[in-house]
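The values are calculated or read from the model by the stated rules, or taken from the named source; none is laboratory data. None of these values were measured; they are calculated from a predicted model. All Cβ positions, glycine included, derive from the backbone under ideal geometry; neighbour counts span all protein chains shown. Ligands, DNA and RNA are excluded from the accessible area calculation, which covers all protein heavy atoms including side chains. Shrake-Rupley method; radii C 1.70, N 1.55, O 1.52, S 1.80 Å.
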Amino acid sequence: WAGRATIIDLLEFESVPDFLDKFILNLTGLRLNYTDDKYSVDNIIDPFLHTKNESKYIEYIQSYKTLNFKNNTANDNDNSTLFIDDTGFLINVSLIYKLSPILALRKFNEYIFTSLPITGDDGIISIFLISLVSQDSNSGDNNAQNLVIGKYFSIEKLEINLISKKLIWKMITLSDSGGYLPKFIQNMAICKEISHDVPNFMEYLLKEII
């Protein structure tokens, strides 16, 4: 396992218009409420925005596709790759990673669940993003493209405190990039890479979105 926890002081971004709203939207696809603590599917703006943005600020992601839940094949119709209920939404995606010029491309199929915001008794708003391994059913295509199948699991939690003006982004992950890479090398690499996630997202958000 590898993990990180980052505290973001929202007061440092008071001069940035709608910073918190754009942060949450572009990381989760959700809209926050400020008048009450009730959330519904109406707060879901773009379920695929999280993955779309990851493909832009994580340099190792070469491409991604949405997958059909029924047979795990690529599908251009996003509606067939999306489940929504009163707890949040689930998408099914396939991501191609180029970890190194000398390594074969890695393919990770993932279910990604994003919870609707949950307001605790202490007023802190929590949002969970959970990535699980999705079945891969394209072994023939994978061999033709020289793709190595990897496995990725993670839990991310955002804690938003509107009183203290603090946002905490926590994450733990367990992954296997497949192939013949020794696990201890993979573990060292993942610890280094996840430390870049927050600064890379912040740089992308401030330069490209805001």
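The table below gives the values:
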| item | result |
| --- | --- |
| Number of the exception - Ile168 against (1) within 24 Å of Val93 (Cα to Cα); (2) open to solvent by less than 60 Å² (accessible area, probe 1.4 Å); (3) touching a residue at least 60 places away in the same chain (Cβ under 8 Å) | (1) |
| Pick from region 35-68, criterion without any contact (Cβ under 8 Å) to a residue 60 or more places away in the chain and among the aromatic types (Phe, Trp, Tyr), ranking: nearest to Asp121 (Cα to Cα) | Phe48 |
